[in-house]
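A short worksheet on the structure shown next.
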Amino acid sequence: MTIDQIIAFMQDLDGVLVLSPEPGDGSPEISWGDTFFSYSPDVAAPTTAQPFATIVTKNYPGDESSRLDRPDTFRVSIAAGREAFIERTGHAPNEPALDDASGTTDAVRAHPVHGTAGWLAVVNPGPRTEGATYELLRGAYDLARARHERRTG
């Protein structure tokens, strides 16, 4: 899977706002080159909606365990929700991660920073995780859409 394939998949979902910060757009420099997906059916920048998935291409301070400083390495982070998180990891999100190999590629893992909030992560999704990654992205989209609909009536 490539970053472009993931972005194209997300753009095909109704109401997804894709933000890809770049120089000159007012975003923090550290976010340049990364991609953020939010549910925003009016296709305007969300004021309160948090992203339900991201693609990051570099280490952030305090988030180095995925080893995104390797060439051609990126991480898809997904707000999977409690049920999907338990299904994929075998433990509840509020329990500490039992896995210290978050830099492993092509494997679904608890997110190294946001796992306790039900986020999953895949570093360089490939043949073993392509289907699961798309399924988890779709599930996170469904959760974000349902949350939006509850809040807006």
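Nothing in this text is a laboratory measurement; each read-out follows from the coordinates by a stated rule. Not measured: the values here are computed from a predicted model. Cβ atoms come from the backbone with ideal geometry, glycine included; neighbour counts cover every protein chain shown.
For the chain, the Cβ-based charge dipole about the Cα centre amounts to some 360 debye (Lys, Arg positive; Asp, Glu negative; other atoms uncharged). Cα convex hull, the chain: 116 Å³ per residue, rounded to a whole number. Sequentially through region 121-135, phi angles give Karplus couplings (6.51, -1.76, 1.60; θ = phi - 60°) of 9, 9, 8, 6, x, x, x, 6, 10, 4, x, 5, 5, 4, 4 Hz, Gly and Pro residues having no value and appearing as x. Along region 7-13 the Karplus relation, 6.51 cos²θ - 1.76 cosθ + 1.60 evaluated at θ = phi - 60°, assigns HN-Hα couplings of 4, 4, 4, 5, 5, 6, 8 Hz to successive residues, with x for each Gly and Pro. Placing unit charges on the Cβ atoms of the charged side chains and taking the dipole of the chain about its Cα centre, the candidate lying farthest along the positive direction among Gln50, Gly33, Met1 is Gln50.
Residue-wise HN-Hα couplings along region 26-41, as the Karplus relation 6.51 cos²θ - 1.76 cosθ + 1.60 with θ = phi - 60° gives them from phi, are x, 7, x, 4, 4, 7, 4, x, 9, 9, 10, 10, 10, 8, 8, x Hz; Gly and Pro carry x.
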